[in-house]
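Read through the structure below, which is laid out as structure tokens, and then see the notes.
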Amino acid sequence: MDKSPPKKPGPKKGQRKTDTKEVEGVVVGRDKTVVPPLEVYKLAQLGCKDIEIADWFGINAETLRYNFKAELTKGRESLKQSLRRAQIKTALSGNATLLIWLGKQILGQQDNPIDIEDNQPLPWTETE
């Protein structure tokens, strides 16, 4: 004899199971949409554009920028730091092209150095 409780019928094929959950965040816009600041930060850290993040939450891009300027800025700065770390790690592992490029960007190095002392115009002389 099977004494297990009867199974609840699940969603039928092609149907979605729905449920509700509470989301903590900032209430924005006319529709009172709840937007979690941490999610805005994470999307900005991935390099998503403002319009993409706004569309994800179903709000206007201006509303997003007005309410989450700090999160957008911090996320994008974090992305830049991660990219720099990866570039430096790759360059230091022996990638000559990246070493040259980083030298130009960070150290101000250039292919054709200009000697400031010798960079004087030639004297002008008139001949008759």
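The values are calculated or read from the model by the stated rules, or taken from the named source; none is laboratory data. Just so you know, these numbers come straight off a predicted model, no measurement behind them. Using ideal geometry, Cβ is built from the backbone for each residue, glycine included, and neighbour counts are taken over all protein chains shown.
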| task | Kindly check whether there is at least one residue in the stretch 3-22 that is over 30 Å from LYS104 (Cα atoms) and within 24 Å of the chain's Cα centre (by Cα). | result | no
| task | Output the qualifying pairs, or none if there are none: Cβ atoms under 7 angstrom, residues six or more apart or on different chains, first residue in the stretch 44-58 and over 13 Å from LYS69 (Cα atoms), second residue at pLDDT below 95 and of a type in the set (S, T, N, Q). | result | PHE57/THR33; GLY58/THR33
| query | Hey, does the stretch 87-103 have a residue that's among the β-branched types (Val, Ile, Thr) and in contact (Cβ under 8 Å) with a residue 24 or more places away in the chain? | reply | no
| message | GLU71 - would you say it is over 17 Å from ARG30 (Cβ atoms), out of contact with any Lys or Arg (no Cβ under 8 Å at 6 or more places or on another chain) and exposed (fewer than 15 other Cβ atoms within 10 Å of the Cβ)? | response | no
| field | Yes/no for ILE51 being β-branched (Val, Ile, Thr) and either touching a helix residue (DSSP H, G or I) at 6+ places or on another chain (Cβ under 8 Å) or in a helix (DSSP H, G or I) (or both) | value | yes
| request: Determine the pairs where a residue that is modelled with pLDDT of 70 or more and part of a loop (DSSP other than H, G, I, E, B), located within the stretch 1-27, has a partner that is loosely packed, with under 10 Cβ neighbours inside 10 Å and of a type outside the set (Lys, Arg) with Cβ atoms under 8 Å apart, the partner being 6 or more residues away or on another chain. | output: LYS17/GLY10; LYS17/PRO11
| field | Output for the stretch 26-44, where each listed residue is surrounded by fewer than 15 Cβ atoms within 10 Å (Cβ to Cβ) and either aromatic (Phe, Trp, Tyr) or in contact with a Pro (Cβ under 8 Å, 6 or more places away or on another chain) (or both) | value | VAL26
| query | Within the stretch 45-68, which residues are small (Gly, Ala, Ser) and either surrounded by fewer than 16 Cβ atoms within 10 Å (Cβ to Cβ) or in contact with a Lys or Arg (Cβ under 7 Å, 6 or more places away or on another chain) (or both)? | reply | GLY47, GLY58, ALA61
| Considering residues of the stretch 74-93 that are more than 19 Å from LYS42 (Cβ to Cβ) and surrounded by 14 or more Cβ atoms within 10 Å (Cβ to Cβ) only, the residue farthest from the chain's Cα centre (by Cα) | ALA91
| task | Out of the residues in the stretch 54-68 that are part of a loop (DSSP other than H, G, I, E, B) and touching a strand residue (DSSP E or B) at 6+ places or on another chain (Cβ under 8 Å), state the one that is farthest from ARG30 (Cα to Cα). | result | PHE68
